[in-house]
Amino acid sequence: MNSHADSPPPRWLENDVTAGPGGAMTDEVGIITGDLTLASRALPDGRAHIAIQYTGAEEWYTLTGSPAPLPPDGPAALHTDVLSRVQRGGGAEAPR
């Protein structure tokens, strides 16, 4: 997903999150901080694309490390894990 993409399709898992100190790392603009929205979507190849934006903004960015491998527990488990990572901050990335 590039920085000028439209909103993610409805089948994406999406949650608002406040980034912890050090924020979240994106491929396009580096670290972003503050109130963010995280969206993830399973891909047919067993991985998930993870996008993040400033809450209320139009631009979406790729969370560094995305696409990430889906865990055995599925897309919701990955999404929850990434939400926790962003809440902790420290330049959060997707699991590899």
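The values are calculated or read from the model by the stated rules, or taken from the named source; none is laboratory data. For clarity, every value in this text was computed on a predicted model and none was experimentally measured. Counting neighbours? That spans all protein chains shown, and the Cβs are built from the backbone with ideal geometry, glycine included. Ligands, DNA and RNA are stripped out before the accessible areas are found, and what is left, the full protein with its side chains, is counted by its heavy atoms. Shrake-Rupley method; radii C 1.70, N 1.55, O 1.52, S 1.80 Å.
Kindly provide the set of residues from segment 43-55 that are of a type outside the set (A, V, I, L, M, F, W, C) and open to solvent by less than 30 Å² (accessible area, probe 1.4 Å), ordered by number.
H49, Q53
Quick one: count up the residues across segment 34-55 that are in a loop (DSSP other than H, G, I, E, B) and of a type outside the set (G, A, S).
Total meeting the criteria: 4.
Out of (1) open to solvent by less than 60 Å² (accessible area, probe 1.4 Å); (2) part of a loop (DSSP other than H, G, I, E, B), what's the single condition that is false for E58?
With (1) open to solvent by less than 60 Å² (accessible area, probe 1.4 Å); (2) part of a loop (DSSP other than H, G, I, E, B) applied to E58, the lone miss is (1).
From the residues in segment 20-42 that are of a type in the set (A, V, I, L, M, F, W, C) and open to solvent by 40 Å² or more (accessible area, probe 1.4 Å), which one is farthest from P71 (Cα to Cα)?
The selected residue is V29.
Let me spell it out: the conditions are (1) in contact (Cβ under 8 Å) with a residue 60 or more places away in the chain; (2) in a loop (DSSP other than H, G, I, E, B), and M25 meets all of them except one. Which number is the exception?
(2)
Looking at segment 80-96, which of the residues that are of a type in the set (A, V, I, L, M), out of contact with any Pro (no Cβ under 8 Å at 6 or more places or on another chain) and assigned to a helix (DSSP H, G or I) is most open to solvent (accessible area, probe 1.4 Å)?
L83
Filter segment 68-78 for residues that are open to solvent by 10 Å² or more (accessible area, probe 1.4 Å) and either of a type in the set (S, T, Y) or part of a helix (DSSP H, G or I) (or both) and give the result.
Taking segment 68-78 as the starting set, the residues that turn out to be open to solvent by 10 Å² or more (accessible area, probe 1.4 Å) are 69-77.
Matches in segment 68-78: P75, A76, A77.
Please specify each residue of segment 62-84 satisfying the condition of being under 19 Å from P21 (Cα atoms) and touching a residue at least 60 places away in the same chain (Cβ under 8 Å).
If the condition is that a residue be under 19 Å from P21 (Cα atoms) and touching a residue at least 60 places away in the same chain (Cβ under 8 Å), then L83 is the only one that fits.
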